[in-house]
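These notes concern the structure reproduced below.
Values in this text are rule-based calculations from the coordinates and carry no lab data. Computed from a predicted structure; not experimentally measured. Virtual Cβ from ideal backbone geometry, glycine too; neighbours counted across all protein chains shown.
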Amino acid sequence: MRNAFTMIELVFVIIVIGILSAIVIPKFTATREDAQISKGRADISSIRSAIITERQSRLITGDSSFITGLKINGTKLFDGVLTYGITDNASAGHWTSIGTDSVASAHYRYKIGNSNCDFTYTSSDGTLVLDVAQASICSKLVE
């Protein structure tokens, strides 16, 4: 009767576990970035739609201007147009405010993994656009 595993069996199990983890860990990282890209695309779509909705509301009252600032409520970004603003957070998969040039434009950053994707909101035409010199992964946000 056998009461224990042999050394060969234990080494074999350790090797199999090592091979499986070498395959799974890179796929998990890619899945995380894909999720961050999907979230960012959904956020951008919601923000742009909300800007247009706000513009339509203003047109009804006779005001033809776009909203002048998207960070209105302290720590909440886009609170002036979204029903619930987005919490300002600099970690991956989140938005943060990176400054305002003037009332006419504001700058935001969405982070995917270690890549910073900077956006500029211009109040003269109500556009939220990805800044040109960005990491290639950022272009997936606006495809």
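For the chain, please report how many Lys pairs fall under 19 Å Cα to Cα, leaving out neighbours fewer than 8 apart on the same chain. Walk me through the intermediate numbers first.
Working: Lys27/Lys39; Lys27/Lys140; Lys39/Lys76; Lys39/Lys111; Lys39/Lys140; Lys71/Lys111; Lys76/Lys111; Lys111/Lys140.
Lysine pairs satisfying the spacing and distance rule in the chain number 8.
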Completion exercise
For segment 86-93, in residue order, the Karplus 3J(HN,Hα) values (coefficients 6.51, -1.76, 1.60; θ = phi - 60°; whole Hz; Gly and Pro = x) are 9, 5, 6, 8, 8, 7, 4, x
Handout entry: DSSP-loop trypsin sites (Lys or Arg not before Pro) across segment 1-53, with at most 10 other Cβ within 10 angstrom
Key = Arg2
Handout entry: Positive-end residue, the chain charge dipole about Cα centroid, Cβ charges, pick of Phe119, Ile47, Leu20
Key = Leu20
Practice task
With springs connecting C-alpha atoms under 10 Å apart, model the chain as a Gaussian network and identify which of Tyr108, Tyr84, Tyr121 has the largest mean-square fluctuation.
Solution key: Tyr84
